[in-house]
Amino acid sequence: MPINEITQKVSDRYARAASTGEQMCCPTSYDMTDLQSFIPEEVLKISYGCGTPAGLKTVSHGETVLDIGSGGGIDCFEASRLVGSSGHVIGIDMTDTMLAIARKNAPLVAANLGYTASNVEFRKGMADAIPVIDGAVDLIISNCVINLAPDKRKVFREMFRVAKPGGRFTISDIVADQTVPQYLVHDVEKWGDCLSGALTLTDYIAGMVGAGFLGIHLLKSSPWQVIDGIHFISVTLTGYKLPAGTPVSADRYATLRGPFSRVVDELGTTYLRGIPQPITPDAVCLLNQASLASHFVLSSDPLWLDRTDDRWIAIYPADAPCLWQGHFAMLAGPFIEAADDDHHVYRRGEPVEICSKTLKVLEADGYAPHFAIINRAGQSASGDAVTCSPDEGGCC
């Protein structure tokens, strides 16, 4: 199906939904009681998405925020409240019906917030040709929209172009645990349902890294639908456009604290828990990002850690039999590869089958923020508990 045909049909579908009040497919978790206090009902009833990228404490006062695929404006209006009257919010959308509703309600939202004028503007544009100048945006948000773009890598490159050095994104979208087959790719209705255009988590994050973003990590995930054995998952991801010309730092070594026993960062450097690794100024900048900082100790001289050091972190599985219940774990950053103390190697985005003991490990605080968990069992698994070990080809 030609790209322009996909784009037009998706636009027509959302225009029809805005006019008729059709409920679209994607899961959301808006606090409607809160939003009703300042956003008109006309906007709330046509709000589609798979997350709340403006509502996850990602927006700061005074910032410039860009919403890709702003629709009726719900996320823009929430961002408007969070950035305050001194901030600026830009919404872009390709559907005239959506833009008309958003523009109509912008003055009402500003008045409800006590602003003398609206700090939100809505522009017509495409996600892969964003009508914003280079380096203008502190934060990019998007809510189940990039999924609908046929050329997502071009979207990611556009995001990187408009982000300021030191800027970031927080995006909610639908990804798949495996490549979507052609019979779904060419299903027009399922494009609008956020299915046909879904990339695997591996490819989605790789596109962002390829555009130049680093420190990409998971904020939230939840299973959504299973169609013909393909698991579609709602994820919210954050990443950074690191500043250019990183200054020389006094920190020249990084020591991995854990809980991973080994990780590989997005610059390709491998770290082993407790062993100091020489690092470059670029690595210092990367490892200081919020998603990575808690895993490392940075130092000017080599620093070794052992199990007696309070900074050493390890989470071991219970010494007990385990069950295979159909769970698979997908590493979602900020590392491209990581290993635990059970001999599992996780490569970002690739599902790894895990037993009940490993599931408990990955649900612990040190691991949980970095994994999306799915269950591929067609029905409740009822196998007996087993004792497994790496020598016997098992998991633990």
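Per residue, the accessible area of the chain comes to 42 Å² when a 1.4 Å probe rolls over the protein heavy atoms. Rg/Rh, computed from the Cα trace of the range 237-379 with Rh as the Kirkwood radius, has the value 1.01. Report note on the peptides 258-268, 35-45: ranked by the mean count of other C-beta atoms within 10 Å, highest first, their order is 258-268, 35-45. Ordering 145-152, 238-245 by mean Cβ neighbour count within 10 Å, with the highest value first, yields 145-152, 238-245. Here the 3J(HN,Hα) profile of the range 239-245, calculated from phi with Karplus coefficients 6.51, -1.76 and 1.60 at θ = phi - 60°, is x, 10, 9, 5, x, 7, x Hz, Gly and Pro shown as x. Placing unit charges on the Cβ atoms only, positive for Lys and Arg and negative for Asp and Glu, gives the chain a dipole magnitude near 840 debye about its Cα centre. Axis angle, to the nearest 10 degrees, between helix 3-20 and the longest C-alpha principal axis of the chain: 70 degrees.
The Rg/Rh ratio of the range 123-278, with both radii computed over alpha carbons and Rh defined as the Kirkwood radius, is 1.03.
Think of the chain as having a plus end and a minus end, set by charges on the Cβ of Lys, Arg, Asp and Glu; of Met208, Thr64, His231, Thr64 sits farthest toward the positive end of this dipole.
The value for the chain of Rg(Cα) / (2.2 N^0.38 Å) is 1.04. Helix 96-113 and the longest principal axis of the Cα set of the chain meet at an angle near 80°. For the pairs Lys45/Lys357; Lys220/Lys357; Lys152/Lys357, flag any whose C-alpha to C-alpha distance is greater than 32 Å. Checking Cα-Cα distances, Lys45/Lys357; Lys152/Lys357 exceed 32 Å.
At a 1.4 Å probe radius, carbon and sulfur cover how many percent of the accessible area of the range 200-269? For the range 200-269, the apolar C and S fraction of the accessible surface comes to 53 percent.
The values are calculated or read from the model by the stated rules, or taken from the named source; none is laboratory data. Since the model is a prediction, treat every value here as computed from it, not as a measurement. A quick note on method: Cβ atoms are made from the backbone with ideal geometry, for glycine too, and the neighbour counts reach across all protein chains shown. With ligands, DNA and RNA removed, areas are computed over all heavy atoms of the protein, side chains included. Shrake-Rupley method; radii C 1.70, N 1.55, O 1.52, S 1.80 Å.
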